[in-house]
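Heads up, the thing below is written out as structure tokens.
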């Protein structure tokens, strides 16, 4: 999923703070309309937490274009890799020296432009983008991806379990 991580980080830092702001504003207006609502304090607390998350994302703004450029170049490399794959697959040759050299050049360039520091959630979003928005039939032909083994990130499942546990504890400690 390394291919899509840069685009995922770019998308998250470009879109999520605005979404958080809009949702927070709409909920805030709703709270003004219904000030006696039973859960106003809890909702306000969650909105403040979401705003803090959006604020911490602003530290990535200086590098935003770098993530986009790396994503564009990685997509170009992915497309070159697809062409190389089909060239080899449709060839009657027995030796692929030139193709192996080209593969090594593609891999080296990929590693050269990879950005290791990604925003939280970029792995999961990249997973989604790769499996749902990208033409990967040719990769799947070789890898034969399975749903839970490959398409659902294990760290995402762990995160969901942790969130459920935190919500359960929150309700039992603070609400009850």
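The values are calculated or read from the model by the stated rules, or taken from the named source; none is laboratory data. Remember, it's a predicted structure, so these values are computed and weren't measured experimentally. Counting neighbours? That spans all protein chains shown, and the Cβs are built from the backbone with ideal geometry, glycine included.
Can you tell which of 171, 160 is in a helix (DSSP H, G or I), free of Cβ contacts under 8 Å to residues at least 12 places away in the same chain and under 23 Å from the mean Cα position of the chain (by Cα)?
Within the list 171, 160, the selection yields 160.
Might you let me know whether the stretch 48-60 holds any residue that is within 30 Å of residue 31 (Cβ to Cβ), outside any helix (DSSP H, G or I) and either under 19 Å from the mean Cα position of the chain (by Cα) or touching a residue at least 24 places away in the same chain (Cβ under 8 Å) (or both)?
Within the stretch 48-60, none of the residues are within 30 Å of residue 31 (Cβ to Cβ), outside any helix (DSSP H, G or I) and either under 19 Å from the mean Cα position of the chain (by Cα) or touching a residue at least 24 places away in the same chain (Cβ under 8 Å) (or both).
For the condition loosely packed, with under 11 Cβ neighbours inside 10 Å, at pLDDT 90 or above and under 22 Å from residue 127 (Cβ atoms), what is the one hit in 64, 15, 68?
Every option except 15 fails the conditions.
What is the number of the single condition among (1) free of Cβ contacts under 8 Å to residues at least 24 places away in the same chain; (2) touching a helix residue (DSSP H, G or I) at 6+ places or on another chain (Cβ under 9 Å) that residue 109 does not meet?
Residue 109 satisfies every listed condition except (1).
Run down 89, 108 and say which single residue is surrounded by fewer than 13 Cβ atoms within 10 Å (Cβ to Cβ), over 23 Å from residue 137 (Cβ atoms) and either at pLDDT 90 or above or in contact with a strand residue (DSSP E or B) (Cβ under 9 Å, 6 or more places away or on another chain) (or both).
Answer to the check: 108.
Going through 92, 40, 21 one at a time, which residue ends up being free of Cβ contacts under 8 Å to residues at least 24 places away in the same chain and either within 21 Å of the chain's Cα centre (by Cα) or over 29 Å from residue 134 (Cα atoms) (or both)? Show your work before the answer.
On the way: 92 fails: either within 21 Å of the chain's Cα centre (by Cα) or over 29 Å from residue 134 (Cα atoms) (or both); 21 fails: free of Cβ contacts under 8 Å to residues at least 24 places away in the same chain.
Of 92, 40, 21, the one residue that is free of Cβ contacts under 8 Å to residues at least 24 places away in the same chain and either within 21 Å of the chain's Cα centre (by Cα) or over 29 Å from residue 134 (Cα atoms) (or both) is 40.
Restricting the search to the stretch 34-61, which residues are over 23 Å from residue 175 (Cβ atoms) and surrounded by fewer than 13 Cβ atoms within 10 Å (Cβ to Cβ)? Let's see the steps before the verdict.
Going residue by residue through the stretch 34-61, those that are over 23 Å from residue 175 (Cβ atoms) are 54-61.
Listed by number, the residues that qualify are 55, 56, 58, 59, 61.
Determine whether residue 118 is surrounded by 14 or more Cβ atoms within 10 Å (Cβ to Cβ) and within 22 Å of residue 11 (Cβ to Cβ).
Numbers: surrounded by 14 or more Cβ atoms within 10 Å (Cβ to Cβ): yes; within 22 Å of residue 11 (Cβ to Cβ): yes.
Considered against the rule, which asks whether it is surrounded by 14 or more Cβ atoms within 10 Å (Cβ to Cβ) and within 22 Å of residue 11 (Cβ to Cβ), residue 118 comes out as yes.
Quick one: which of 132, 114 is modelled with pLDDT under 85 and within 25 Å of residue 17 (Cα to Cα)?
Of 132, 114, the one residue that is modelled with pLDDT under 85 and within 25 Å of residue 17 (Cα to Cα) is 132.
Suppose we filter 166, 139 for residues that are outside any loop (DSSP other than H, G, I, E, B) and surrounded by 11 or more Cβ atoms within 10 Å (Cβ to Cβ); which single one remains?
Being outside any loop (DSSP other than H, G, I, E, B) and surrounded by 11 or more Cβ atoms within 10 Å (Cβ to Cβ) holds for just one of 166, 139, which is 139.
What about residue 77, is it at pLDDT 90 or above and in a helix (DSSP H, G or I)?
On the way: at pLDDT 90 or above: yes; in a helix (DSSP H, G or I): yes.
Yes, satisfied.
Condition test on residue 132, is it exposed (fewer than 14 other Cβ atoms within 10 Å of the Cβ), in contact with a helix residue (DSSP H, G or I) (Cβ under 7 Å, 6 or more places away or on another chain) and part of a helix (DSSP H, G or I)?
Answer is no for this residue.
So which pairs qualify, if the first residue must be in the stretch 125-136 and without any contact (Cβ under 8 Å) to a residue 12 or more places away in the chain, the second must be in a helix (DSSP H, G or I), the Cβ gap must be under 7 Å, and the two must be at least 6 apart or on different chains?
136/130
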